[in-house]
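FYI, it's all coordinate maths here, none of it is from the lab. Since we're looking at a predicted model, the values are computed, not measured. In this analysis, Cβ positions are derived from the backbone assuming ideal geometry, glycine residues included, and neighbour counts consider all displayed protein chains.
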Amino acid sequence: MYQYFQLKKGTKKAKYYTSTKTSKTIKKLAKKKTYSVKIRGYKKISGKTYYGAWSGTRKVKTK
């Protein structure tokens, strides 16, 4: 399973998404804005959640 982190430039409000796929399409983004995106893996074993390290930050600008 994977956890995605999204942060819009100039704000402090972050969104987290979870998915079983290695790619994710995020919809309803504001036009001409820059977003920072990170991903990490995690796994639940016997009721306890283990997280991997966050990937490097990738900046994406919408059209």
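When only residues in the stretch 31-63 that are within 18 Å of the chain's Cα centre (by Cα), in a strand (DSSP E or B) and hydrophobic (A, V, I, L, M, F, W, C) count, which is farthest from K21 (Cα to Cα)? Ranking the qualifying residues of the stretch 31-63, first place goes to V60. Reported count of residues in the stretch 15-29, each being over 15 Å from G52 (Cα atoms), surrounded by 10 or more Cβ atoms within 10 Å (Cβ to Cβ) and of a type outside the set (K, R), is 3.
For the stretch 35-50, a residue qualifies if it is of a type in the set (K, R) and surrounded by 13 or more Cβ atoms within 10 Å (Cβ to Cβ), and the qualifying residues are K38, R40. Can you say whether K32 is surrounded by 10 or more Cβ atoms within 10 Å (Cβ to Cβ) and either more than 21 Å from K61 (Cα to Cα) or not hydrophobic (A, V, I, L, M, F, W, C) (or both), as far as the supplied structure shows? In short, no.
Restricting attention to the stretch 47-63, which residues are within 14 Å of Q3 (Cα to Cα), touching a residue at least 12 places away in the same chain (Cβ under 8 Å) and not β-branched (V, I, T)? Steps first, answer last, please.
Looking only at the stretch 47-63, we keep the residues that are within 14 Å of Q3 (Cα to Cα), and these are 49-57.
Retained after the next criterion (residues that are touching a residue at least 12 places away in the same chain (Cβ under 8 Å)): 51-57.
Residues satisfying the conditions are Y51, G52, A53, W54, S55, G56.
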